[in-house]
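Only one structure is covered here, and it is reproduced in the block below.
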Amino acid sequence: SVTFKGVHYEMTVKDMDMEWMVHSTIMKPVGTEIGMTVIPENIHIMKKVMDK
């Protein structure tokens, strides 16, 4: 899913059994394959247990 939050886009990205909430100023349409670069000092990771 993609939601515009005023300054950035909030996107839910799925990778196998992982789901990532990504904030970006660049919008990618649902279904688009993306690449992701992680800069250590710019990252905030939180784990959320989800029922399957």
Any idea what the relative contact order of the chain is, in percent, if you count C-alpha pairs under 8 Å spaced at least 6 apart?
-> 25
Percent antiparallel among DSSP beta bridges confined to the chain, rounded to 5, stands at 100
Along principal axes, largest first, the alpha-carbon spread of the range 2-42 in whole Å comes out as 29, 28, 14
Hey, if you put +1 on the Cβ of every Lys and Arg and -1 on every Asp and Glu Cβ in the chain, which of I45, P29, V7 ends up farthest toward the positive end of that dipole?
-> V7
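No value in this document is a laboratory result; all are computed from the given coordinates. From a predicted model like this one, the values you see are computed outputs, not experimental measurements. Glycine gets a Cβ as well: all are built from the backbone with ideal geometry, and neighbour counts include every protein chain shown.
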